[in-house]
Every structure is written in structure tokens, then in C-alpha cells.
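Participant: Got a structure for you, written out below as C-alpha cells; questions coming shortly.
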Amino acid sequence: MRDGFVNVGPVDDFREGRGKAVDVEGVTVGIYRVGESWHALKDCCPPMGASLCEGRLNGRAVVCHWHGWEFDLESGLPYRPSKKRATTSPVESRDGAVCVDSPGAETDAAEDEWVAFDPDKHPKQ
């Protein structure tokens, strides 16, 4: 697609409440469908490298199946203080297809910068 978005499949291929890993220009990205909302995170838990798509959804968060850390689907922020956040990408449905913007360069926090999730700004639903 000419605007940087990549078609990763028909909407019907993505189940409600489950992550699905897709390839976007050589990067594995997890696509999550929550109600009418779409979310995309690089399919790699920042602290340990596990597939986030193999985890479970908890409201608008994905829970890593290796160590239980939760990451907000919209912002990528962890629900506990960490030096790492999950990398997000814009995603939307267009004419019955799911389209994801190229994830591009890594956007994790700097090694000396801690990020903390503020539950008042992003309540679980």
C-alpha cells in the first residue's frame, strides 16, 4: 500500500480476544482484535523475548506467557516499572482487510530510562 501500511490478511482471519503473529517487512508483529479496536505490537516480550501472541489478553493488555508481565495494547507500556516497553505499530481495518504500518526502528526506552504504566490513564476494560 502506498501510505506505508501493509495488508496482512482479511479481517475474518483475526479472532476476537486472541493475538495472531504476522510478518510485516521481516518483523513479526502481533495483531490483536478487541471489540472494534485493533492493536499491533512487535511479537516479542521486551524483558525475555517470548512471543506475546502466545500470551493471553486481559482487557486491553497482553500477558506474557513466560513471566506474566502485562503490556498495554495501545501504548506498549508495561503495568510494572521497567526499562522496556513493547513496540507498537499503527493498525486498522480497511475494506475488509487488516493493514499495519511498518514497525520500523526499535523504540524501546533508553537503557537508563525507566517507564511506568499509569493505570489512571489507561484503565483495563
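Participant: Output the number of the condition that TRP38 fails; it satisfies all remaining conditions of (1) under 20 Å from LEU77 (Cβ atoms); (2) touching a Leu at 6+ places or on another chain (Cβ under 8 Å); (3) not acidic (Asp, Glu).
Facilitator: For TRP38, the failing item is (2).
Participant: Quick one: how many residues across the stretch 1-57 are of a type outside the set (A, V, I, L, M, F, W, C), open to solvent by 40 Å² or more (accessible area, probe 1.4 Å), farther than 17 Å from ARG85 by Cα and touching an Asp or Glu at 6+ places or on another chain (Cβ under 6 Å)?
Facilitator: Counting residues in the stretch 1-57 that are of a type outside the set (A, V, I, L, M, F, W, C), open to solvent by 40 Å² or more (accessible area, probe 1.4 Å), farther than 17 Å from ARG85 by Cα and touching an Asp or Glu at 6+ places or on another chain (Cβ under 6 Å) gives 1.
Participant: Kindly indicate whether any position in the stretch 88-98 is at pLDDT below 95, open to solvent by 20 Å² or more (accessible area, probe 1.4 Å) and of a type in the set (Lys, Arg).
Facilitator: For the stretch 88-98, residues at pLDDT below 95, open to solvent by 20 Å² or more (accessible area, probe 1.4 Å) and of a type in the set (Lys, Arg): present.
Participant: So PHE71 passes all but one of these: (1) under 10 Å from the mean Cα position of the chain (by Cα); (2) open to solvent by 10 Å² or more (accessible area, probe 1.4 Å). Which condition number does it fail?
Facilitator: (2)
Participant: Also, quick follow-up: Within the stretch 48-71, which residues are more than 13 Å from ILE31 (Cα to Cα) and out of contact with any helix residue (DSSP H, G or I) (no Cβ under 8 Å at 6 or more places or on another chain)?
Facilitator: Within the stretch 48-71, MET48, GLY49, ALA50, ASN58, GLY59, VAL63, TRP66, HIS67, GLY68, TRP69, GLU70 meet the criteria.
Participant: Which pairs have Cβ atoms under 7 Å, sit 6 or more apart or on different chains, and link a residue in the stretch 56-70 that is in contact (Cβ under 8 Å) with a residue 60 or more places away in the chain to one that is in a strand (DSSP E or B) and surrounded by 15 or more Cβ atoms within 10 Å (Cβ to Cβ)?
Facilitator: Cβ pairs passing all conditions: ASN58/GLU70; ARG60/VAL34; ARG60/ASP72; ALA61/GLU70; ALA61/PHE71; ALA61/ASP72.
The values are calculated or read from the model by the stated rules, or taken from the named source; none is laboratory data. Here the structure is a predicted model, which is why all the values come from computation and not from measurement. Here the Cβ is made from the backbone with ideal geometry for all residues, glycine too, and neighbour counts use every protein chain on show. All accessible areas refer to the heavy atoms of the entire protein, side chains included, with ligands and DNA or RNA removed. Shrake-Rupley method; radii C 1.70, N 1.55, O 1.52, S 1.80 Å.
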